[in-house]
Amino acid sequence: MVLSDDEIKRLFRIRKTVMQMLKDRGYFVGDFEINLSKQQFISKFGENMKREDLVINKTKRNDNSDQ
């Protein structure tokens, strides 16, 4: 099932916002993850991405056990 352009755009914006929120809260998030373009997002996850593909697991800067 291929997602519509609106659905992909929405997921792209959500992921970008979540990455920025994680970085603001002290988690290891690279600038490349925040600055990922929509085209790069589609290349990385494809047009028929699944929920499992979008899972984010980051480690806190000061506490490696906090994920």
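The values are calculated or read from the model by the stated rules, or taken from the named source; none is laboratory data. Just so we're clear, the structure is a prediction, and the values are computed from it rather than from any experiment. Note that we place each Cβ from the backbone using ideal geometry, even for glycine, and neighbour counts take in every protein chain shown. Note: accessible area is taken over every heavy atom of the protein model, side chains too, but ligands, DNA and RNA are not part of it. Shrake-Rupley method; radii C 1.70, N 1.55, O 1.52, S 1.80 Å.
Points to keep in mind about this one:
- Annotation: Lys60 fulfils all but one of (1) surrounded by 12 or more Cβ atoms within 10 Å (Cβ to Cβ); (2) out of contact with any Gly (no Cβ under 8 Å at 6 or more places or on another chain); the unmet one is (2).
- Among the residues of the stretch 44-55, those that are open to solvent by 100 Å² or more (accessible area, probe 1.4 Å) and not aliphatic (A, V, I, L, M) comprise Lys44, Lys50, Arg51, Glu52.
- Being open to solvent by 40 Å² or more (accessible area, probe 1.4 Å) and under 11 Å from the mean Cα position of the chain (by Cα) is true of Val18.
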